[in-house]
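> Here it is: the structure, laid out below.
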Amino acid sequence: MPSKAMRRKAIGLCHCYMLGGMQDSAEAFDLSKEAWRVFVYGGCVSRDTVAFADPHAYSLAKYVARNSLLSVGTDARVNLPELSLPSAFQKKMVDLDASGKFLQELRKMRGVDVILWDLNIERSGVWQFSDGTVVTNSAELKRVEGVAPVLEDARFIAFGSEEHYARWCAAATMFVAILQELELKERLLVLAPEWAVRDTHGKKNKKVAGKSIEFYNDVFSTYLAHLETLGIRIVRLANTISDPEHKWGSAPFHYEKGLYQELDKEIRSFARKKNPFDR
């Protein structure tokens, strides 16, 4: 877990490559009067909240998943085999992550009402190649044929390590600066329910990648604290419960229905302040 000294140091670091192309050619789309336009960056926490809500409440403008903030701005595709995956969506997300072109997608989102962000993918850590490029250690990447020997020559940077924390904080600082430049910072809402220790049957959830649920909650808390220093609105929910019958299966971040309803209320309240027409 990052030390206090490293947390302070991280605030002063920067990923200058993320500033490239700040003069965007965004395609600002018209705001809908029928539904809030939502851009989801993260994983199932944010995406499921939108999916489980009233279908008339939100219009999904874009969903970017399996992309760590650390891969933004670096093109690692030259280091990887052909990205062959059975799912077109998974292939698209891994390719976007490997290309580092997340910011190009972000620049197209200037007309959205809300950007929902959760940090769940960061739990997986990242791989850095000898040329300095980075790719997210996603489950989908590891399913790519021929990727295992390639990753043997890369360096793994684990979530919660001092290096990962410092680099992530630097990337987050620049990400927020770009959002400010694009007039999107005030539309960013981070969803951060704690991972559930137990499920609806009272059964304790299993460790993830050999680490306890408490470990992840503690580490995520330090990352979220940095976002708070940047003035980002965060929805934190404690005492969460997971649902073993969740459509994606049992996991400490696959929650019971009531949690998604609570997140939905928070998103609506946030969105109304930005676009106060009746929904």
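Read the figures in this text as sums done on the coordinates, not as results from a lab. All figures in this text were calculated on a predicted structure; none of them were measured in a lab. Neighbour counts run over all protein chains shown; Cβ positions are idealised from the backbone, glycine included.
> Could you tell me whether any residue of the range 149-159 is more than 26 Å from SER59 (Cα to Cα), in a loop (DSSP other than H, G, I, E, B) and in contact (Cβ under 8 Å) with a residue 60 or more places away in the chain? Reasoning before the result, please.
Step one: list which residues in the range 149-159 are more than 26 Å from SER59 (Cα to Cα), which gives 149-159.
Adding the requirement that they be in a loop (DSSP other than H, G, I, E, B) leaves 153-154, 158-159.
Applying the additional criterion that residues be in contact (Cβ under 8 Å) with a residue 60 or more places away in the chain yields 154, 159.
Yes, the range 149-159 contains a residue that is more than 26 Å from SER59 (Cα to Cα), in a loop (DSSP other than H, G, I, E, B) and in contact (Cβ under 8 Å) with a residue 60 or more places away in the chain.
> Here's something else I'd like to know. Looking at VAL197, VAL190, VAL208, which is the one that is touching a residue at least 40 places away in the same chain (Cβ under 8 Å), within 25 Å of LYS108 (Cβ to Cβ) and of a type outside the set (Ser, Thr, Tyr)? Give the steps one after another, and end with the answer.
Working: VAL197 fails: within 25 Å of LYS108 (Cβ to Cβ); VAL208 fails: within 25 Å of LYS108 (Cβ to Cβ).
One residue alone meets the criteria, VAL190.
> Within the range 166-178, is there a residue that is farther than 30 Å from LYS273 by Cα and surrounded by 16 or more Cβ atoms within 10 Å (Cβ to Cβ)? If you could, list the steps in order and put the result at the bottom.
Looking only at the range 166-178, we keep the residues that are farther than 30 Å from LYS273 by Cα, and these are 166-167.
Then drop every residue that is not surrounded by 16 or more Cβ atoms within 10 Å (Cβ to Cβ), which leaves 166-167.
Yes, there is a match, as at least one residue in the range 166-178 is farther than 30 Å from LYS273 by Cα and surrounded by 16 or more Cβ atoms within 10 Å (Cβ to Cβ).
> Need the failing condition index for GLU122 against (1) of a type in the set (Asp, Glu); (2) under 14 Å from the mean Cα position of the chain (by Cα); (3) over 29 Å from GLU245 (Cβ atoms), just the number.
(3)
> Now, a different point. Would a scan of the range 70-88 turn up a residue that is closer than 15 Å to PHE175 by Cβ and either among the aliphatic types (A, V, I, L, M) or surrounded by fewer than 16 Cβ atoms within 10 Å (Cβ to Cβ) (or both)?
The answer is yes; a qualifying residue exists.
> Only one of VAL64, VAL50, VAL40, VAL45 is under 27 Å from ILE234 (Cβ atoms), outside any loop (DSSP other than H, G, I, E, B) and touching a Pro at 6+ places or on another chain (Cβ under 8 Å). Can you tell me which?
On the way: VAL64 fails: touching a Pro at 6+ places or on another chain (Cβ under 8 Å); VAL50 fails: touching a Pro at 6+ places or on another chain (Cβ under 8 Å); VAL40 fails: touching a Pro at 6+ places or on another chain (Cβ under 8 Å).
Among VAL64, VAL50, VAL40, VAL45, only VAL45 is under 27 Å from ILE234 (Cβ atoms), outside any loop (DSSP other than H, G, I, E, B) and touching a Pro at 6+ places or on another chain (Cβ under 8 Å).
> From ARG110, ARG66, which residue is within 19 Å of VAL135 (Cβ to Cβ), out of contact with any His (no Cβ under 9 Å at 6 or more places or on another chain) and of a type in the set (D, E, K, R)? Break it down stepwise before answering.
Working: ARG110 fails: within 19 Å of VAL135 (Cβ to Cβ).
From the options ARG110, ARG66, the qualifying one is ARG66.
> Is it the case, given these coordinates, that PHE215 is part of a strand (DSSP E or B) and surrounded by fewer than 21 Cβ atoms within 10 Å (Cβ to Cβ)? So that I can check it myself, show each step before the final result.
Working: part of a strand (DSSP E or B): no; surrounded by fewer than 21 Cβ atoms within 10 Å (Cβ to Cβ): yes.
No: the conditions fail for PHE215.
> Filter the range 91-140 for residues that are in contact with a Lys or Arg (Cβ under 8 Å, 6 or more places away or on another chain), within 19 Å of ARG47 (Cα to Cα) and among the acidic types (Asp, Glu); which is surrounded by the fewest Cβ atoms within 10 Å (Cβ to Cβ)?
So the residue we want is GLU105.
> If only one of TRP127, TRP117 is touching a residue at least 24 places away in the same chain (Cβ under 8 Å), farther than 30 Å from SER269 by Cβ and not acidic (Asp, Glu), which one is it? Write out each step before concluding.
Values: TRP117 fails: farther than 30 Å from SER269 by Cβ.
Exactly one residue qualifies, and that residue is TRP127.
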